[in-house]
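No value in this document is a laboratory result; all are computed from the given coordinates. Worth saying up front: this structure is predicted, and the values here are computed from it rather than measured. Every residue, glycine as well, gets a Cβ built from its backbone with ideal geometry; the counts of neighbours run over all protein chains shown.
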Amino acid sequence: MHDYVIVGAGLFGSVFARQMTDAGAKCLVIEKRHHLAGNCYTEDVGGIHVHRYGPHIFHTNDELVWNYVNRFARFNRFSYRPKVNYRGRIFSFPINLTTLYQLWGVKTPQQAQQRLEAERVPIERPTNLEEWILSQVGCEIYETFVYGYTKKQWGREPKELPSSIIRRLPIRMSWNDDYFNDRFCGIPEGGYTRLFESLLEGIPVETGVDFLEDRCRFESAAKKIVYTGPLDRLFDYSLGAHDWRGLRFEQEVVNTPDDQGVAAINFTDYETPFTRRIEHKHFDPVTTDHTVITREYPADWKIGDEMYYPVNNDAGLELQRDYVARLPANYLIGGRLATYRYLDMHQVVASAIHLADKEIATDQGRLKSIRITARRAA
C-alpha cells in the first residue's frame, strides 16, 4: 500500500513526491507521457537541449525556492531578452527606453514619459485588454506589439479578453531589457530533464501509464491520490470541458552555428502565422556547427489535445469551482492543469512544498518534518 499515488511527473508532482519521500512516506509516481518533466521536458538534439513544449525560464524572488531547485541541478545565469519582429522591423523587448528610442527617438525617461502621456488614449475605466493597453501606451505601441500577437495567441479580438492577460507585460522607463526582473533567473545546465531525474531519484515512477484507464487499481493501492491532470477529464467532462489554447511546434535543424543570435524573436504582426521563433542553443549555450529552431503556432484546442493556456473567463472559473467541490476526500490537487491557472514554475514549486508541509504536519506521528532554509545563492 502506498501513502500517495501521484498522477503526473511534472513539476508539482515531482516536488511533492520528493518532499513526501524524504519525510518517510511511500510514494508512486505515474505519468501518461513516456517521459518525465511534463511540459518542461528537454531532449538532446545533436548536443542542443531542446525545450520540446516551448521554452521555460526559471525565475523567482523567493530565495527558498531558488535554493531548493539548486539542490537538484546547477543553473546557468540566463537572462531572457527576446526581440520583436514587426513586419521586418526589429525592436527591443519588453518595452523599455531602447524600444521607445527605436520608435520615437526619445533618449531619457522624462522624454519617454512625456511622449507616452501624449500617446495614451483617455479611457477612464478600461474594461478589457484592448482598452487597458490603449490607456497605458496608445495606438502605435498597441498595434506594433500587442494587437496581432494577442489575436493569434488567444484566437479572438483583444477587446474580448480581460486586461489581466496583458498586465504582466513590463513597460519600463529605463534601458533595462531583461524580461524578468527577479533576483534569480536561470535554466538547468544540461536541460530540465536532468533536474527531474534528480528530483525523482529513488522514487518509483511508471511512465506511459494513464491513471484514468486503471483508476480503481491505483485508488485501491494508495491512501491518497495527488492528481495534477485536468479536473474535467477526471470527471469525464460530466459538467463540461474547460477552454484552453493549444500550441503546435514546427522544429527545424539548421546547418549554421547561430541562426538568429537570440533565444526568442516574437512575431507580432497578425499576418505571420506563428507567434515566436525559438533558437534553443541560446538557453544553455553549447558549441555546435548546427542549431535547432522551433516555430510556435497558436492553435484552437479540442478534447484530447495538449493544454497550454487556460482561458480564465468567468464561465471557466465557475466550472473549475464546481469540479473542485466534487473531489473525493482522499484527493489532493496541484499544478497548472488541475488548478486551471497559469502558474510560473516557482509558484508551482512553492505550492507543492506547501502542500507537502501540510501533509507532514497532519501525520506528525509517522512522518518527519523537513526544514528548508534560505541561504544566499552562490
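Values computed for the structure shown
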read-out: Positive dipole terminus of the stretch 279-329, leading residue within ILE293, GLY304, PRO328 (C-beta point charges); value: PRO328
read-out: Average silhouette area of the chain, convex hull of alpha-carbon atoms, in square nanometres; value: 20.3 nm²
read-out: Calculated FRET value between ASP236 and ASN313, using beta carbons and R₀ = 25 Å, to 0.05; value: 0.65
read-out: Among ARG71, ARG168, ARG87: highest mean-square fluctuation, GNM of the chain, C-alpha pairs under 10 Å; value: ARG168
read-out: Cβ-Cβ FRET estimate between GLU213 and GLU157, R0 fixed at 41 Å, reported to 0.05; value: 0.55
read-out: Per-residue [θ]222 nm for the chain (sum of -39500 (n - 2.57) over DSSP H runs n ≥ 4, rounded to 500); value: -8000 deg cm²/dmol
read-out: Kirkwood Rh (inverse of mean 1/r, distinct Cα pairs), the stretch 83-165, angstrom; value: 13.4 Å
read-out: Extended-chain gain in nm, criterion 0.36 nm per residue less alpha-carbon gap, ARG168 and MET1; value: 55.7 nm
read-out: Residues PHE91, PHE196, sorted so that the one with the fewest Cβ neighbours within 10 Å comes first; value: PHE91, PHE196
read-out: Percent RCO, i.e. relative contact order, over the stretch 87-184, from Cα pairs under 8 Å lying at least 6 residues apart; value: 37 percent
read-out: Rounded FRET efficiency, nearest 0.05, which uses the C-beta distance separating GLN251 from THR108 and R0 of 41 Å; value: 0.45
read-out: Dipole of the stretch 85-223, positive end: most advanced residue of ASN96, TYR149, ILE203 [Cβ charges, Cα centre]; value: ASN96
read-out: Inter-part distance where the stretch 13-68 and the stretch 195-260 are each reduced to a Cα centre, Å; value: 12 Å
read-out: Relative contact order, percent, the chain [alpha-carbon distance under 8 Å, six or more residues apart]; value: 27 percent
read-out: Cα→Cβ-extended label distance, 7 Å offset, between ASP300 and ARG326, nm; value: 2.5 nm
